[in-house]
Every structure is written in structure tokens, then in C-alpha cells.
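S.K.: For reference, the structure I am asking about is given below.
The values are calculated or read from the model by the stated rules, or taken from the named source; none is laboratory data. In this text, all values refer to a predicted model and were calculated from it rather than measured experimentally. Every residue, glycine as well, gets a Cβ built from its backbone with ideal geometry; the counts of neighbours run over all protein chains shown.
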Amino acid sequence: MSERLTIGEFSRVTHLSIRTLRRYHEQDLLVPAEVDPATGYRYYAPAQVRPALTIKRFRDLDLPLADLRRFLQAESAGGGEAGRAAAQQVVASHLRRLEDRLGRTQRAVEALRELLDPAAERTVDVEVLPPQRVLAVSLDVPHGADLSWYDAAMRDLDAAAGRRPVLPPGGRYEHELFTEGHGRATVYVPAEAPLPPDAPATVREVHLPERTAAVATHAGPHDDLDLTYAAVGSFAARNGLRPQNLVEEVYLVGPRDTGRPDRWRTLVAWLITPGTGRSPASSTVPPEP
């Protein structure tokens, strides 16, 4: 080779430790341009400086090794369009994961600041929700299930409704769904027409009765929805309002309306037995940690 750098020289150029360079070699991420068969000494080419620093940045950003190898393989395949597209896809996917993680971290920090601020308050009211005719899907959510059951229920409801209702969708959930990790759930959309004969078998007509609830409107994404639950639940307990075994959520503005989670609005209604407690008109209560 006309140009080569010892591992020590390459370390000084890249500010990567010799130990790190050896690890990159062992992980098949950065193979030296030459390895002396007699001594085992590693030698690098100047053209490997940029790839080495690129690998460092990706590892600093916690790109999984499997994804990093896919990126490097796509890059080493040449300048073809398919190779560039594959490499860009790896980067774009990881950047989305980082953005999601950053968003969750920021929201967790905001929630923690609220919990640590004695003056932070969420407004809770006692309201009577009017009777309502809805199309509904009810199911027993098993332990450990993800939210695919909700997506499936909404698909069936959309198919039955035919067109999107004017009023927002909602859900009624047994408290065990949150305390035990499994329980009964009912997802609904307001019904303006009778249930069509070709509707999915999971959908039925339901008449929601008039119901009394401690309610609060949750603003933004659902990462800190537990703070709103804490506010309405604490309000009910402090005022002697006897809870029923249901909580209702109404998705006033949600993912179906906007791709901006900061604009979401969710009504949380902690259903209570009418006539119990002092039933104050409204209050503001801090969320409890």
C-alpha cells in the first residue's frame, strides 16, 4: 500500500481509541485495509477516516448493530440508486425512532415538573353526560395486549357507520383494564342511522344512558394521560363521589383529526353514582404522584 496508517496513527486522526477500533474490527464494522499476517498489526487507509467517524456517530445515537451493518453493506455496494435508497432508509427509520424517544423524554420531563409543582392544577368538573345512541364494539382485552384491538374495533365501526359521524368517537373501559392489565372495553361512534345489515358481526347498537361523571379535558398526547386520571379520581374520592366501575373517554380531537399530537383533546369522564358525595360544581386539583 502506498498510504497506510498504523492503528495508533489512525486513532490519533479519528480520536477513536485503539480499543474502540479493535472492537469495530471484531464486530465487522470497520475492517482494517490491511492486516499483517505475520504480526497481526492493523493498518488503515486515509479513506477510512470518514466511515470510522460515521460509525462512531451512529453508535453514539444507539443505532442497533444489525441496522448499522445493513447501512454499511448498502454503502459499500457502490453508488447505485438501490444501495443509496437502502442506506437512507436505515438512517430515516432510526431518526424517526430518535425523534419519538426525544418527544417521550420531553413529555416525561413536563409531566415530572407538573408533579413536583404544588401549584400545578387540572380543572375537574361534575357533569351529566346526555343519553346517546351509538354503534359499539365490546371485547375482553387480554393481558399484555397492545392497542391493535382498538384499531380493529375502529375499522369495524367505520365499516358499519358508512361515513364518519359528526360527533367524536369514544370508549368505555372497566377500571380493571388499567389496574390489572386486562378487562372489558367498549369502543363506540355516535350513530345517526340504524345498523346496516351488512355491518361487521362485532358491531351492535347501544343506547348509552344519562350518566354523571367527574370530568376533565386532557390536552395533548396520551403519554401523561395518567395525570388527568389522577386528577378526576382524586377529585371523586375527596368529594365522596361513589365511583362506578367504568371510565369513559371521548376523543374530541385525536389522531383521526390531526397528525399533531399537541392538538389532541380527550375528555376523561370518571363515572360516578348520581346523588353521592357533595357533588361540587367544579374544582381544580393537583395531579397526585
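S.K.: Please verify whether the stretch 196-203 includes one or more residues that are touching a Phe, Trp or Tyr at 6+ places or on another chain (Cβ under 7 Å) and not assigned by TED's automatic domain parsing to the domain that holds LEU68. Steps first, answer last, please.
M.R.: Here is the first cut: in the stretch 196-203, the ones touching a Phe, Trp or Tyr at 6+ places or on another chain (Cβ under 7 Å) are none.
No, the conditions are met nowhere in the stretch 196-203.
S.K.: Please specify each residue of the stretch 29-64 satisfying the condition of being under 30 Å from LEU102 (Cβ atoms) and either aromatic (Phe, Trp, Tyr) or assigned to a loop (DSSP other than H, G, I, E, B) (or both).
M.R.: Kept after step one, since they are under 30 Å from LEU102 (Cβ atoms), are these residues of the stretch 29-64: 29-30, 49-64.
Matches in the stretch 29-64: LEU29, LEU30, PHE58, LEU61, ASP62, LEU63, PRO64.
S.K.: Just to check your reading of the model, which residue among ALA85, ALA111 is under 30 Å from PRO221 (Cβ atoms), small (Gly, Ala, Ser) and outside the structural domain of PHE235 (by TED's automatic domain parsing)?
M.R.: Details: ALA85 fails: under 30 Å from PRO221 (Cβ atoms).
Being under 30 Å from PRO221 (Cβ atoms), small (Gly, Ala, Ser) and outside the structural domain of PHE235 (by TED's automatic domain parsing) holds for just one of ALA85, ALA111, which is ALA111.
S.K.: Then there is this: Among ALA145, ALA119, ALA136, which is the only one that is among the small types (Gly, Ala, Ser), assigned to a loop (DSSP other than H, G, I, E, B), out of contact with any Gly (no Cβ under 7 Å at 6 or more places or on another chain) and surrounded by 10 or more Cβ atoms within 10 Å (Cβ to Cβ)? Please lay out each step first, then the result.
M.R.: Values: ALA119 fails: surrounded by 10 or more Cβ atoms within 10 Å (Cβ to Cβ); ALA136 fails: assigned to a loop (DSSP other than H, G, I, E, B).
Going through ALA145, ALA119, ALA136 in turn, the sole match is ALA145.
S.K.: Report yes if ASP100 is in the same structural domain as THR20 (by TED's automatic domain parsing), of a type in the set (Asp, Glu) and over 20 Å from SER11 (Cα atoms), otherwise no.
M.R.: Working: in the same structural domain as THR20 (by TED's automatic domain parsing): no; of a type in the set (Asp, Glu): yes; over 20 Å from SER11 (Cα atoms): yes.
No; evaluated as a whole, the condition is false for this residue.
S.K.: Turning to a different aspect of this structure: Only one of these conditions is not met by ASP28: (1) free of Cβ contacts under 8 Å to residues at least 40 places away in the same chain; (2) loosely packed, with under 11 Cβ neighbours inside 10 Å. Which number is it?
M.R.: Every condition holds for ASP28 apart from (1).
S.K.: Within the stretch 189-223, which residues are assigned to a loop (DSSP other than H, G, I, E, B) and of a type in the set (D, E, K, R)? Even if it seems obvious, please write down each step before you answer.
M.R.: Of the stretch 189-223, the ones assigned to a loop (DSSP other than H, G, I, E, B) are 191-202, 209-210, 220-221.
GLU192, ASP198, GLU210 - these are the residues of the stretch 189-223 that are assigned to a loop (DSSP other than H, G, I, E, B) and of a type in the set (D, E, K, R).
S.K.: Kindly indicate the residue of the stretch 144-193 that is closer than 22 Å to LEU129 by Cα and of a type in the set (Asp, Glu) and also modelled with the highest pLDDT among those meeting that condition.
M.R.: The qualifying residue modelled with the highest pLDDT is GLU174.
S.K.: Then there's this: Would you call GLU99 free of Cβ contacts under 8 Å to residues at least 60 places away in the same chain, farther than 15 Å from TYR188 by Cα and among the acidic types (Asp, Glu)? Break it down stepwise before answering.
M.R.: Working: free of Cβ contacts under 8 Å to residues at least 60 places away in the same chain: yes; farther than 15 Å from TYR188 by Cα: yes; among the acidic types (Asp, Glu): yes.
So GLU99 passes the test.
S.K.: Considering only the stretch 161-170, I want to know if a residue exists there that is surrounded by 17 or more Cβ atoms within 10 Å (Cβ to Cβ) and in a helix (DSSP H, G or I).
M.R.: Taking the stretch 161-170 as the starting set, the residues that turn out to be surrounded by 17 or more Cβ atoms within 10 Å (Cβ to Cβ) are 161, 165, 168-170.
Still in the running and in a helix (DSSP H, G or I): 161.
Looking for residues that are surrounded by 17 or more Cβ atoms within 10 Å (Cβ to Cβ) and in a helix (DSSP H, G or I), one finds at least one in the stretch 161-170, hence yes.
S.K.: Scanning the stretch 204-226 for residues that are over 16 Å from ARG263 (Cβ atoms) and in contact with a helix residue (DSSP H, G or I) (Cβ under 6 Å, 6 or more places away or on another chain), which turns out surrounded by the fewest Cβ atoms within 10 Å (Cβ to Cβ)?
M.R.: Taking the stretch 204-226 and keeping what is over 16 Å from ARG263 (Cβ atoms), we get 204-216, 226.
This time we only want the ones that are in contact with a helix residue (DSSP H, G or I) (Cβ under 6 Å, 6 or more places away or on another chain), so: 214, 216.
Working: ALA214: 30, ALA216: 25.
Ranking the qualifying residues of the stretch 204-226, first place goes to ALA216.
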